[in-house]
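**Q** Got a structure for you, written out below as C-alpha coordinates; questions coming shortly.
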Amino acid sequence: MLLLLIALFVLAAACTVGLAFRHPRAVMVVWIFAMETSPDAWLDNLVGGHETIIGIMKGFGLVLVGVCGLADGWRRDRYNPGFSFAFMFTAGLLHGLYPGLTLLASLRSLIGSAAPFMFSLARLRAGFTRAIIRAVIWGPTLTIGFGAMLAATGLDQMFDIEQGAMRLGASGQPPFLAGFALVGVYAGLMEYLRHARRADAAWVALNLVIILLTGARTPLALGCTITLIYVVTQRRLSLLAALGAVASLALIFASRLTFLRVIDLAQLGEATDLSNRNLVWPLFEQAAATSPWLGWGVGAGKIIIPLTSGIADLIGTNAAHNEYLRIGAEGGVIGLGLLILLMALWLEHNAARLPGPQRWLMRLIFIGFAIHSATDNTLIATTSSIFFLWVSAIFADAREPPTPRA
(Lines give C-alpha, C1' and ligand atoms only; values in the text may rest on other atoms or scores of the structure.)
Protein backbone atom coordinates (compact mmCIF):
# COMPACT_ATOMS: atom_id res chain seq x y z
CA MET A 1 0.00 0.00 0.00
CA LEU A 2 2.83 2.36 0.88
CA LEU A 3 4.56 1.68 -2.43
CA LEU A 4 1.29 2.38 -4.26
CA LEU A 5 0.89 5.73 -2.49
CA ILE A 6 4.50 6.66 -3.29
CA ALA A 7 3.98 5.69 -6.93
CA LEU A 8 0.78 7.78 -7.14
CA PHE A 9 2.56 10.76 -5.58
CA VAL A 10 5.48 10.49 -8.01
CA LEU A 11 3.05 10.18 -10.94
CA ALA A 12 1.05 13.23 -9.77
CA ALA A 13 4.25 15.22 -9.29
CA ALA A 14 5.48 14.30 -12.76
CA CYS A 15 2.15 15.29 -14.34
CA THR A 16 2.18 18.60 -12.48
CA VAL A 17 5.73 19.39 -13.58
CA GLY A 18 4.83 18.49 -17.15
CA LEU A 19 1.81 20.78 -16.98
CA ALA A 20 4.05 23.55 -15.63
CA PHE A 21 6.32 23.23 -18.67
CA ARG A 22 3.35 23.17 -21.03
CA HIS A 23 1.36 26.04 -19.48
CA PRO A 24 3.78 27.83 -17.12
CA ARG A 25 1.88 31.10 -16.83
CA ALA A 26 -1.44 29.42 -15.97
CA VAL A 27 0.25 27.15 -13.44
CA MET A 28 1.99 30.16 -11.91
CA VAL A 29 -1.33 31.93 -11.39
CA VAL A 30 -2.94 28.80 -9.93
CA TRP A 31 0.01 28.41 -7.54
CA ILE A 32 -0.35 32.02 -6.35
CA PHE A 33 -4.06 31.57 -5.75
CA ALA A 34 -3.44 28.25 -4.01
CA MET A 35 -0.83 29.82 -1.71
CA GLU A 36 -3.19 32.64 -0.79
CA THR A 37 -5.98 30.26 0.20
CA SER A 38 -3.61 28.99 2.95
CA PRO A 39 -3.85 25.23 2.37
CA ASP A 40 -1.66 24.81 5.46
CA ALA A 41 -4.81 25.85 7.37
CA TRP A 42 -7.88 24.49 5.56
CA LEU A 43 -6.22 21.36 4.11
CA ASP A 44 -4.53 20.69 7.44
CA ASN A 45 -7.98 20.67 9.04
CA LEU A 46 -9.03 17.94 6.61
CA VAL A 47 -5.98 15.65 6.34
CA GLY A 48 -3.35 17.03 8.74
CA GLY A 49 0.32 17.55 7.96
CA HIS A 50 0.75 21.31 8.44
CA GLU A 51 4.52 21.43 7.91
CA THR A 52 4.36 18.95 5.02
CA ILE A 53 1.76 21.04 3.20
CA ILE A 54 3.87 24.19 3.54
CA GLY A 55 6.92 22.31 2.33
CA ILE A 56 5.09 20.98 -0.74
CA MET A 57 3.71 24.41 -1.62
CA LYS A 58 7.09 26.12 -1.32
CA GLY A 59 8.76 23.22 -3.09
CA PHE A 60 6.42 23.61 -6.05
CA GLY A 61 7.36 27.29 -6.10
CA LEU A 62 10.97 26.18 -6.60
CA VAL A 63 9.80 23.92 -9.43
CA LEU A 64 8.28 27.00 -11.08
CA VAL A 65 11.58 28.83 -10.61
CA GLY A 66 13.27 25.97 -12.46
CA VAL A 67 10.67 26.05 -15.23
CA CYS A 68 11.14 29.81 -15.71
CA GLY A 69 14.91 29.46 -15.69
CA LEU A 70 14.97 26.60 -18.18
CA ALA A 71 12.49 28.37 -20.47
CA ASP A 72 13.97 31.88 -20.49
CA GLY A 73 17.39 31.58 -18.88
CA TRP A 74 18.99 32.52 -15.62
CA ARG A 75 20.40 35.78 -14.37
CA ARG A 76 23.13 36.68 -11.93
CA ASP A 77 21.59 38.24 -8.83
CA ARG A 78 24.65 39.01 -6.73
CA TYR A 79 22.75 40.72 -3.91
CA ASN A 80 20.00 38.13 -3.53
CA PRO A 81 19.00 38.08 0.18
CA GLY A 82 18.64 34.30 0.01
CA PHE A 83 22.43 34.04 0.12
CA SER A 84 22.42 35.28 3.72
CA PHE A 85 20.52 32.16 4.80
CA ALA A 86 23.16 29.98 3.14
CA PHE A 87 25.78 31.81 5.22
CA MET A 88 23.74 31.33 8.41
CA PHE A 89 23.29 27.63 7.62
CA THR A 90 27.04 27.15 7.13
CA ALA A 91 27.87 29.20 10.23
CA GLY A 92 25.45 27.12 12.25
CA LEU A 93 27.16 23.90 11.18
CA LEU A 94 30.58 25.30 12.11
CA HIS A 95 29.42 26.79 15.40
CA GLY A 96 27.03 24.04 16.38
CA LEU A 97 23.26 23.84 16.00
CA TYR A 98 20.75 24.69 18.68
CA PRO A 99 20.15 21.73 21.02
CA GLY A 100 17.45 19.59 19.46
CA LEU A 101 17.84 21.07 15.96
CA THR A 102 18.87 18.36 13.50
CA LEU A 103 20.88 18.85 10.34
CA LEU A 104 17.91 17.77 8.20
CA ALA A 105 15.56 20.20 9.95
CA SER A 106 18.05 23.03 9.48
CA LEU A 107 18.43 22.14 5.79
CA ARG A 108 14.63 22.19 5.33
CA SER A 109 14.49 25.61 6.98
CA LEU A 110 17.29 26.85 4.72
CA ILE A 111 15.32 25.84 1.62
CA GLY A 112 12.11 27.35 2.99
CA SER A 113 13.81 30.60 4.01
CA ALA A 114 15.64 31.11 0.71
CA ALA A 115 12.79 29.94 -1.56
CA PRO A 116 10.86 33.26 -1.68
CA PHE A 117 13.89 35.01 -3.17
CA MET A 118 14.68 32.42 -5.83
CA PHE A 119 12.35 33.84 -8.50
CA SER A 120 14.79 36.72 -8.84
CA LEU A 121 17.38 34.26 -10.22
CA ALA A 122 15.21 33.41 -13.25
CA ARG A 123 14.42 35.68 -16.15
CA LEU A 124 10.71 36.43 -16.02
CA ARG A 125 9.16 37.33 -19.37
CA ALA A 126 6.64 40.16 -19.65
CA GLY A 127 3.65 37.83 -19.86
CA PHE A 128 4.73 36.17 -16.63
CA THR A 129 5.15 39.42 -14.75
CA ARG A 130 1.74 40.78 -15.79
CA ALA A 131 0.05 37.54 -14.73
CA ILE A 132 1.89 37.57 -11.38
CA ILE A 133 0.96 41.17 -10.62
CA ARG A 134 -2.73 40.72 -11.43
CA ALA A 135 -2.94 37.47 -9.47
CA VAL A 136 -1.37 39.10 -6.41
CA ILE A 137 -3.93 41.92 -6.55
CA TRP A 138 -6.92 39.63 -7.07
CA GLY A 139 -5.78 36.82 -4.74
CA PRO A 140 -7.33 37.99 -1.43
CA THR A 141 -10.75 38.47 -3.01
CA LEU A 142 -10.64 35.02 -4.60
CA THR A 143 -9.54 33.61 -1.24
CA ILE A 144 -12.69 35.04 0.34
CA GLY A 145 -14.75 33.35 -2.36
CA PHE A 146 -12.97 30.06 -1.73
CA GLY A 147 -13.50 30.45 2.01
CA ALA A 148 -17.20 31.09 1.44
CA MET A 149 -17.39 27.87 -0.55
CA LEU A 150 -15.72 25.90 2.26
CA ALA A 151 -18.05 27.50 4.81
CA ALA A 152 -21.10 26.67 2.71
CA THR A 153 -20.09 23.02 2.63
CA GLY A 154 -19.39 22.97 6.36
CA LEU A 155 -15.69 22.21 5.93
CA ASP A 156 -14.46 25.45 7.49
CA GLN A 157 -15.64 28.80 8.85
CA MET A 158 -14.89 32.20 7.40
CA PHE A 159 -14.76 34.20 10.65
CA ASP A 160 -13.03 33.85 13.98
CA ILE A 161 -14.37 35.46 17.14
CA GLU A 162 -11.72 37.03 19.34
CA GLN A 163 -12.72 38.77 22.55
CA GLY A 164 -16.21 39.19 21.17
CA ALA A 165 -15.11 40.80 17.91
CA MET A 166 -15.20 39.32 14.42
CA ARG A 167 -12.07 38.55 12.37
CA LEU A 168 -12.25 37.50 8.72
CA GLY A 169 -9.98 34.58 7.92
CA ALA A 170 -11.74 33.11 4.86
CA SER A 171 -10.01 29.76 4.25
CA GLY A 172 -7.01 30.57 6.45
CA GLN A 173 -6.10 32.61 9.48
CA PRO A 174 -6.87 36.35 9.70
CA PRO A 175 -3.21 37.49 9.98
CA PHE A 176 -2.29 35.60 6.82
CA LEU A 177 -5.23 36.94 4.83
CA ALA A 178 -4.24 40.42 6.03
CA GLY A 179 -0.66 39.82 4.88
CA PHE A 180 -1.76 38.75 1.41
CA ALA A 181 -4.14 41.72 1.18
CA LEU A 182 -1.34 44.08 2.21
CA VAL A 183 0.77 42.81 -0.68
CA GLY A 184 -2.30 43.37 -2.86
CA VAL A 185 -2.41 46.99 -1.65
CA TYR A 186 1.25 47.48 -2.55
CA ALA A 187 0.75 45.90 -5.97
CA GLY A 188 -2.36 47.97 -6.63
CA LEU A 189 -0.60 51.22 -5.71
CA MET A 190 2.27 50.38 -8.05
CA GLU A 191 -0.16 49.57 -10.86
CA TYR A 192 -2.06 52.80 -10.32
CA LEU A 193 1.21 54.71 -10.39
CA ARG A 194 2.16 53.04 -13.68
CA HIS A 195 -1.16 53.22 -15.49
CA ALA A 196 -3.52 55.55 -13.51
CA ARG A 197 -6.48 53.20 -13.99
CA ARG A 198 -9.48 53.64 -11.72
CA ALA A 199 -9.83 49.88 -11.48
CA ASP A 200 -6.44 49.64 -9.77
CA ALA A 201 -7.51 52.28 -7.24
CA ALA A 202 -10.64 50.25 -6.57
CA TRP A 203 -8.57 47.13 -5.92
CA VAL A 204 -6.42 49.07 -3.44
CA ALA A 205 -9.55 50.15 -1.57
CA LEU A 206 -10.99 46.63 -1.61
CA ASN A 207 -7.81 45.10 -0.21
CA LEU A 208 -7.74 47.74 2.52
CA VAL A 209 -11.31 46.80 3.46
CA ILE A 210 -10.25 43.13 3.60
CA ILE A 211 -7.43 44.02 6.00
CA LEU A 212 -9.90 45.95 8.15
CA LEU A 213 -12.18 42.91 8.31
CA THR A 214 -9.28 40.66 9.38
CA GLY A 215 -8.67 42.87 12.42
CA ALA A 216 -4.90 42.88 11.81
CA ARG A 217 -3.73 46.23 13.17
CA THR A 218 -0.16 46.49 11.85
CA PRO A 219 -1.03 45.59 8.23
CA LEU A 220 -3.96 48.04 8.36
CA ALA A 221 -1.79 50.83 9.75
CA LEU A 222 0.93 50.20 7.15
CA GLY A 223 -1.52 49.89 4.25
CA CYS A 224 -3.35 53.09 5.18
CA THR A 225 -0.16 55.05 5.91
CA ILE A 226 1.63 54.11 2.71
CA THR A 227 -1.53 54.72 0.67
CA LEU A 228 -1.99 58.13 2.29
CA ILE A 229 1.66 59.09 1.70
CA TYR A 230 1.33 57.99 -1.90
CA VAL A 231 -1.92 59.93 -2.43
CA VAL A 232 -0.55 63.15 -0.91
CA THR A 233 2.87 63.10 -2.56
CA GLN A 234 1.51 62.15 -5.98
CA ARG A 235 -1.31 64.70 -5.66
CA ARG A 236 -4.01 62.19 -6.47
CA LEU A 237 -6.78 64.54 -5.32
CA SER A 238 -9.63 62.27 -6.38
CA LEU A 239 -8.20 59.41 -4.36
CA LEU A 240 -7.58 61.70 -1.42
CA ALA A 241 -11.21 62.84 -1.53
CA ALA A 242 -12.41 59.23 -1.66
CA LEU A 243 -10.24 58.25 1.30
CA GLY A 244 -11.51 61.27 3.23
CA ALA A 245 -15.11 60.29 2.54
CA VAL A 246 -14.52 56.70 3.69
CA ALA A 247 -12.75 57.89 6.83
CA SER A 248 -15.61 60.27 7.61
CA LEU A 249 -18.18 57.50 7.25
CA ALA A 250 -16.09 55.26 9.48
CA LEU A 251 -16.03 57.91 12.21
CA ILE A 252 -19.75 58.54 11.92
CA PHE A 253 -20.70 54.87 12.21
CA ALA A 254 -17.84 53.76 14.49
CA SER A 255 -20.19 53.13 17.42
CA ARG A 256 -22.11 50.61 15.30
CA LEU A 257 -19.03 48.83 13.98
CA THR A 258 -17.66 47.49 17.26
CA PHE A 259 -18.11 43.95 15.96
CA LEU A 260 -14.95 44.68 13.94
CA ARG A 261 -11.86 43.90 16.00
CA VAL A 262 -9.84 46.99 15.10
CA ILE A 263 -12.66 49.40 15.95
CA ASP A 264 -13.59 47.49 19.10
CA LEU A 265 -10.00 47.61 20.38
CA ALA A 266 -9.67 51.29 19.54
CA GLN A 267 -12.79 52.14 21.51
CA LEU A 268 -11.77 50.00 24.47
CA GLY A 269 -8.21 51.31 24.41
CA GLU A 270 -6.78 47.78 24.30
CA ALA A 271 -4.10 48.09 21.67
CA THR A 272 -1.03 46.29 22.96
CA ASP A 273 0.30 42.76 23.21
CA LEU A 274 -2.76 40.75 22.24
CA SER A 275 -0.43 38.11 20.76
CA ASN A 276 1.39 37.64 24.10
CA ARG A 277 4.66 38.82 22.61
CA ASN A 278 5.90 39.73 26.09
CA LEU A 279 5.95 36.00 26.84
CA VAL A 280 7.71 35.01 23.62
CA TRP A 281 10.31 37.68 22.96
CA PRO A 282 12.39 37.15 26.15
CA LEU A 283 12.98 33.50 25.19
CA PHE A 284 14.34 34.49 21.79
CA GLU A 285 16.42 37.25 23.35
CA GLN A 286 17.89 34.71 25.75
CA ALA A 287 18.71 32.26 22.95
CA ALA A 288 20.38 35.02 20.91
CA ALA A 289 22.39 36.19 23.92
CA THR A 290 23.96 32.73 24.35
CA SER A 291 25.44 32.91 20.82
CA PRO A 292 25.34 36.59 19.86
CA TRP A 293 27.63 36.63 16.82
CA LEU A 294 26.76 33.54 14.77
CA GLY A 295 23.51 32.37 16.30
CA TRP A 296 22.32 28.77 16.45
CA GLY A 297 21.68 27.91 12.81
CA VAL A 298 18.80 28.26 10.38
CA GLY A 299 15.68 26.66 11.83
CA ALA A 300 16.51 27.30 15.48
CA GLY A 301 13.60 29.72 15.67
CA LYS A 302 11.19 26.81 15.28
CA ILE A 303 12.36 24.95 18.38
CA ILE A 304 13.43 27.69 20.80
CA ILE A 305 9.87 27.38 22.09
CA PRO A 306 8.85 23.72 21.74
CA LEU A 307 5.36 23.14 20.39
CA THR A 308 4.71 20.96 23.44
CA SER A 309 5.59 23.76 25.87
CA GLY A 310 3.07 25.51 28.07
CA ILE A 311 3.62 28.87 26.34
CA ALA A 312 3.01 27.40 22.88
CA ASP A 313 -0.13 25.70 24.14
CA LEU A 314 -1.32 28.95 25.76
CA ILE A 315 -0.88 31.23 22.75
CA GLY A 316 -1.32 28.61 20.03
CA THR A 317 2.05 29.14 18.33
CA ASN A 318 5.79 29.03 18.94
CA ALA A 319 6.58 31.77 16.40
CA ALA A 320 8.69 34.76 17.38
CA HIS A 321 6.39 37.49 16.00
CA ASN A 322 9.59 39.44 15.38
CA GLU A 323 11.93 38.60 12.52
CA TYR A 324 14.83 40.57 13.99
CA LEU A 325 14.77 38.44 17.12
CA ARG A 326 14.29 35.20 15.16
CA ILE A 327 17.09 35.91 12.69
CA GLY A 328 19.26 37.18 15.55
CA ALA A 329 18.82 33.82 17.28
CA GLU A 330 19.44 31.84 14.09
CA GLY A 331 22.26 33.88 12.52
CA GLY A 332 23.50 36.18 15.24
CA VAL A 333 24.50 39.78 14.74
CA ILE A 334 26.56 38.84 11.66
CA GLY A 335 23.77 36.88 9.98
CA LEU A 336 21.13 39.52 10.72
CA GLY A 337 23.44 42.30 9.53
CA LEU A 338 24.22 40.41 6.32
CA LEU A 339 20.50 39.87 5.60
CA ILE A 340 19.69 43.56 6.13
CA LEU A 341 22.68 44.64 4.01
CA LEU A 342 21.79 42.31 1.13
CA MET A 343 18.14 43.37 1.30
CA ALA A 344 19.14 47.03 0.99
CA LEU A 345 21.63 46.38 -1.83
CA TRP A 346 19.14 44.13 -3.64
CA LEU A 347 16.52 46.86 -3.49
CA GLU A 348 18.79 49.67 -4.63
CA HIS A 349 20.47 47.67 -7.41
CA ASN A 350 17.19 46.53 -8.95
CA ALA A 351 15.06 49.59 -8.20
CA ALA A 352 17.62 51.83 -9.89
CA ARG A 353 16.07 50.82 -13.23
CA LEU A 354 12.57 51.87 -12.18
CA PRO A 355 11.21 55.33 -13.06
CA GLY A 356 11.67 57.82 -10.23
CA PRO A 357 8.14 57.67 -8.70
CA GLN A 358 8.06 53.86 -8.83
CA ARG A 359 11.53 53.64 -7.29
CA TRP A 360 10.40 55.95 -4.48
CA LEU A 361 7.26 53.87 -3.86
CA MET A 362 9.22 50.60 -3.79
CA ARG A 363 11.59 52.05 -1.19
CA LEU A 364 8.60 53.13 0.88
CA ILE A 365 7.14 49.62 0.63
CA PHE A 366 10.41 48.07 1.81
CA ILE A 367 10.46 50.47 4.77
CA GLY A 368 6.93 49.28 5.57
CA PHE A 369 8.11 45.67 5.29
CA ALA A 370 10.97 46.40 7.71
CA ILE A 371 8.55 47.92 10.22
CA HIS A 372 6.13 45.02 9.80
CA SER A 373 8.96 42.56 10.50
CA ALA A 374 9.25 43.88 14.06
CA THR A 375 5.82 42.53 14.99
CA ASP A 376 5.08 39.65 12.60
CA ASN A 377 6.64 36.64 10.88
CA THR A 378 7.13 38.35 7.55
CA LEU A 379 10.03 36.21 6.29
CA ILE A 380 9.03 32.74 7.41
CA ALA A 381 5.29 32.96 6.69
CA THR A 382 3.83 31.95 3.32
CA THR A 383 3.01 35.63 2.69
CA SER A 384 6.73 36.21 2.07
CA SER A 385 6.61 33.94 -1.01
CA ILE A 386 3.93 36.14 -2.56
CA PHE A 387 5.56 39.43 -1.53
CA PHE A 388 9.01 38.62 -2.93
CA LEU A 389 7.55 36.99 -6.05
CA TRP A 390 5.74 40.28 -6.72
CA VAL A 391 8.92 42.26 -6.02
CA SER A 392 10.84 40.01 -8.45
CA ALA A 393 8.16 40.62 -11.10
CA ILE A 394 8.45 44.41 -10.69
CA PHE A 395 12.24 44.24 -10.90
CA ALA A 396 11.99 42.00 -13.98
CA ASP A 397 9.73 44.55 -15.69
CA ALA A 398 12.30 47.23 -14.90
CA ARG A 399 15.07 45.24 -16.56
CA GLU A 400 12.98 44.28 -19.58
CA PRO A 401 10.00 46.66 -19.88
CA PRO A 402 6.90 45.04 -21.41
CA THR A 403 5.95 45.99 -24.92
CA PRO A 404 3.35 48.82 -24.85
CA ARG A 405 -0.16 47.81 -25.84
CA ALA A 406 -1.29 48.82 -29.29
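The values are calculated or read from the model by the stated rules, or taken from the named source; none is laboratory data. These figures come from a predicted structure and were not determined experimentally. Reconstructed Cβ throughout: ideal geometry from the backbone, glycine too, with neighbour counts over all protein chains shown. Only protein heavy atoms, including side chains, enter the accessible area calculation; ligands, DNA and RNA are left aside. Shrake-Rupley method; radii C 1.70, N 1.55, O 1.52, S 1.80 Å.
**Q** Accessible area per residue, 1.4 Å probe, Å², for region 292-363: what's the number? Numbers along the way, then the final one.
**A** On the way: 3030 Å² over 72 residues.
Computed with neighbouring chains in place, this is 42 Å² per residue.
**Q** What spacing in nm lies between the two simple spin-label points modelled at L314 and R123, each 7 Å away from Cα in the Cβ direction?
**A** A separation of 5.5 nm, rounded to one decimal place.
**Q** What do you get when you divide the Cα radius of gyration of region 113-184 by 2.2 N^0.38 Å, with N the number of residues?
**A** Ratio of Cα Rg to 2.2 N^0.38 Å: 1.39.
**Q** On full extension of the chain, what length is gained from E400 through R363, given 0.36 nm per residue of separation minus the C-alpha to C-alpha distance? Show your work: numbers first, answer last.
**A** Working: separation 37, 0.36 × 37 = 13.32 nm, distance 2.00 nm.
Fully extending the segment from E400 to R363 adds 11.3 nm.
**Q** So, one more: Using a 1.4 Å probe on the protein chains only, how many percent of the accessible area of region 65-170 belongs to carbon and sulfur?
**A** On the way: 3090 of 4650 Å².
Here it works out to 66 percent.
**Q** Let me test this: with uniform point scatterers at the alpha carbons of region 302-363, what is the Debye-based log₁₀ I(q)/I(0) at q = 0.15, 0.22 1/Å?
**A** Reported log10 I(q)/I(0), two decimals: -0.64, -0.85.
**Q** To continue, here is another question. In what sequence, highest mean first, do 349-362, 304-317 appear when ranked by Cβ atoms within 10 angstrom? Intermediate results must be reported in sequence, preceding the final value.
**A** Working: 349-362: 16.3, 304-317: 13.6.
Result, highest mean first: 349-362, 304-317.
**Q** For L46 and Y324 in one chain, what is 0.36 nm times their gap in residues minus the Cα-Cα distance, to one decimal in nm?
**A** Gain on stretching L46 to Y324: 96.7 nm.
**Q** Shape of region 1-128 from its Cα gyration tensor (a ≥ b ≥ c, root eigenvalues): rounded if a/c is under 1.5, otherwise prolate when a/b > b/c, or oblate?
**A** Details: a/c = 1.87, a/b = 1.09, b/c = 1.72.
Here region 1-128 falls in the oblate category.
**Q** Here's another thing I want to ask about it. Send over the semi-axes of region 66-198's equivalent ellipsoid, whole angstrom and largest first, taken as the square roots of 5 times the C-alpha gyration tensor eigenvalues.
**A** Working: eigenvalues 212, 139, 38 Å².
Square roots of five times the eigenvalues give 33, 26, 14 Å.
**Q** Cα gyration tensor of region 307-406, axes a ≥ b ≥ c as square roots of the eigenvalues: rounded (a/c below 1.5), prolate (a/b > b/c) or oblate?
**A** Prolate shape, in that a/c is at least 1.5 and a/b is the bigger ratio.
**Q** While we're on this one: How many angstrom lie between the C-alpha centres of region 373-390 and region 88-165?
**A** When both Cα centres are located, 7 Å separates them.
**Q** Y79 to R277: extension gain in nm, 0.36 nm per residue of separation minus the Cα-Cα distance? Don't skip to the end; give the middle numbers.
**A** Numbers: separation 198, 0.36 × 198 = 71.28 nm, distance 3.22 nm.
That works out to 68.1 nm of additional length.
**Q** Would you work out what percent of the accessible area of region 280-342, with all protein chains in place, is carbon or sulfur (probe 1.4 Å)?
**A** Values: 1930 of 2700 Å².
After summing per-atom areas, the C and S share lands at 71 percent.
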